[in-house]
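For reference, the structure discussed in these notes is given below.
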Amino acid sequence: MSNTIAAIATATGAGGIGIIRMSGDKCFEVLKKIFVPKNKNVDLDKVEGYTIKYGYIIDTSTKEKIDEVLVSFFRSPKSYTTENMCEINSHGGVIIEKKILEQCLNNGADLAEPGEFTKRAFLNGRIDLSQAESVIDIINAKTDREAEASFEQLQGSLSKEIEKIRANLLEIISDIEASIDYPEYDIEETTEEKTIKLLKKEKEKLELLEKSFESGRLLKEGIKTIIIGKPNAGKSSLLNVILREERAIVSDYAGTTRDTIEEFININGIPLKVVDTAGIRDTEDFVEKIGVQKAIKLAQDADLIIAIFDSTKKLEEEDFKVLKLIENRKSIILLNKCDLSQKNMETINYISNLNKTVIKASMRTEDGIKELYEEISNLFNKKEIEVNDGIIITNIRHKNLICKAKNNTIKAIESIQDKMPIDITAVCIKEILEDLGEITGNNVSEDIINKIFSKFCLGK
């Protein structure tokens, strides 16, 4: 990793500032060629870390100024990558940023790969692999809670818990290996009792981490919320009201929506992945029929169902199909068009007497929308998506490895209970250590590392 890398760290497009990053042994050598300090007395070789200098980036071939900039200096090992680093703060804009990056590359730097700055931070030991993965989660966070959970992981909350479990397992295996190495001492029985007790304790910790993934999934992917109802009940209108834009086509013609429309929204800090679906009805239209089947399947897998009924019309077969779909499911019923005078009291009374949360609403006047948001907040409150002591699993890779470690813990316990040779228990515990080591990066293949960092953006 002796080569010096450079990349644009800010998002593409016009902006107030742009940042071009460099990291590596020759970082300041490259910078000296392209940066002219405003103060001619500044010796760039002697500039201390955590210092900013004002000056100009020049084209080394023409000596013309490209932009006036502020350069931040970070001396090894006190930098993001632990290497010598600098960040060139220029005016924002694609052209200027590219020109400055081009000067960096023309004068000795290589273009960084996606995530290479964070990868170097990991490989140089400043952060572990789970912390590195949290960086991309922070960047992609869609709500405050998701950002908080990702930040806690960046601070090492998951790493510390994993290392505690690993340390306890190492103690267990040292006792086991002592009983293997010194069989003349009659300590096997006490070792077995102690090992089972300790393994059960670590298994409980792993189970808590595994269970936290459901909260993590909701934070990261959003609560999968399906809007269902028969055609013209007001599903697409509800989506448009929630999004504050004409996202879905609304028309008096039945069957306008044939496929799903998905949008991610934030309601009172709760992330929702809202899906508008085709109206539930029997149809001869081949494409619409596929849409109806898809709507039913999505409803069966949903975290939350919002079922809409037309309060001006009599309940029909399609309405009862919708009611069947929301039986024993987390759901909210909206009685739409309650602002109209031609209400069907039979429908209103029947729906209102169901053992469900029913909100009288109007998509035209937006009545009931505030109540809908409040009910969603009640259904998915802080206890529903709780971050336990800041430790929550949001990454499917971590969840799978924790599940694998838990299963190996169960195998280790069973091996003792079944009076199998103690060597078998030792093998199981070593597998647990390997599983957990893959989370923090203590033992992980280069292919996995490359795959993880390939998901990062350039400059991070």
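Within the range 30-139, which strands (runs of 3 or more DSSP E) (wholly inside it) include 1 or more residues that are under 30 Å from Glu446 (Cα atoms)?
Once the strands (runs of 3 or more DSSP E) in the range 30-139 are filtered for at least 1 residues that are under 30 Å from Glu446 (Cα atoms), what remains is 65-74, 85-91.
Which pairs have Cβ atoms under 7 Å, sit 6 or more apart or on different chains, and link a residue in the range 131-142 that is at pLDDT below 85 to one that is assigned to a helix (DSSP H, G or I) and aromatic (Phe, Trp, Tyr)?
From residues that are at pLDDT below 85, there are no pairs.
Which of the residues spanning the range 305-324 are crowded, with 19+ Cβ neighbours inside 10 Å and within 15 Å of Ile227 (Cα to Cα)?
Ile305, Ile306, Ala307, Ile308, Phe309, Asp310, Asp319, Val322 - these are the residues of the range 305-324 that are crowded, with 19+ Cβ neighbours inside 10 Å and within 15 Å of Ile227 (Cα to Cα).
Do any residues in the range 162-174 that are free of Cβ contacts under 8 Å to residues at least 60 places away in the same chain have Cβ atoms under 9 Å from those of residues that are assigned to a helix (DSSP H, G or I) and of a type in the set (A, V, I, L, M, F, W, C), where the two are at least six apart or on different chains, and which pairs are they?
Pairs that qualify, where the first residue is free of Cβ contacts under 8 Å to residues at least 60 places away in the same chain and the partner is assigned to a helix (DSSP H, G or I) and of a type in the set (A, V, I, L, M, F, W, C), are Asn168/Leu198; Glu171/Leu198.
Going through the range 17-46 one residue at a time, which ones are under 28 Å from the mean Cα position of the chain (by Cα) and either crowded, with 16+ Cβ neighbours inside 10 Å or without any contact (Cβ under 8 Å) to a residue 40 or more places away in the chain (or both)?
Gly18, Ile19, Ile20, Arg21, Met22, Ser23
Matching residues to (1) touching a residue at least 12 places away in the same chain (Cβ under 8 Å); (2) farther than 30 Å from Ile173 by Cα; (3) over 37 Å from the mean Cα position of the chain (by Cα):
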{"residue": "Leu334", "(1), (2), (3)": "yes, yes, no"}
{"residue": "Gly368", "(1), (2), (3)": "yes, yes, no"}
{"residue": "Asn378", "(1), (2), (3)": "no, yes, no"}
{"residue": "Ala405", "(1), (2), (3)": "yes, no, no"}
{"residue": "Met420", "(1), (2), (3)": "no, no, yes"}
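Run Gly125 past the list (1) assigned by TED's automatic domain parsing to the domain that holds Ile19; (2) without any contact (Cβ under 8 Å) to a residue 60 or more places away in the chain; (3) surrounded by fewer than 18 Cβ atoms within 10 Å (Cβ to Cβ); (4) not aromatic (Phe, Trp, Tyr) and report the number of the one that doesn't hold.
Among (1) assigned by TED's automatic domain parsing to the domain that holds Ile19; (2) without any contact (Cβ under 8 Å) to a residue 60 or more places away in the chain; (3) surrounded by fewer than 18 Cβ atoms within 10 Å (Cβ to Cβ); (4) not aromatic (Phe, Trp, Tyr), the lone unmet condition for Gly125 is (1).
Listed here are the residues, each with its yes/no results for (1) closer than 21 Å to Ile139 by Cα; (2) of a type in the set (Lys, Arg).
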| residue | (1), (2) |
| --- | --- |
| Thr4 | no, no |
| Ala7 | yes, no |
| Gly15 | yes, no |
| Gly18 | yes, no |
| Lys38 | no, yes |
| Thr60 | no, no |
| Lys65 | no, yes |
| Ser79 | yes, no |
| Ser90 | no, no |
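If the requirement is being in contact with a helix residue (DSSP H, G or I) (Cβ under 9 Å, 6 or more places away or on another chain), buried (at least 21 other Cβ atoms within 10 Å of the Cβ) and among the aliphatic types (A, V, I, L, M), which of these qualifies: Ala109, Ala14?
Ala109
One residue is enough: does the range 367-378 have a residue meeting the conditions assigned to a strand (DSSP E or B), β-branched (Val, Ile, Thr) and either in contact with a strand residue (DSSP E or B) (Cβ under 6 Å, 6 or more places away or on another chain) or loosely packed, with under 13 Cβ neighbours inside 10 Å (or both)?
no
The values are calculated or read from the model by the stated rules, or taken from the named source; none is laboratory data. Please read all numbers here as calculations on a predicted model, not as lab measurements. Counting neighbours? That spans all protein chains shown, and the Cβs are built from the backbone with ideal geometry, glycine included.
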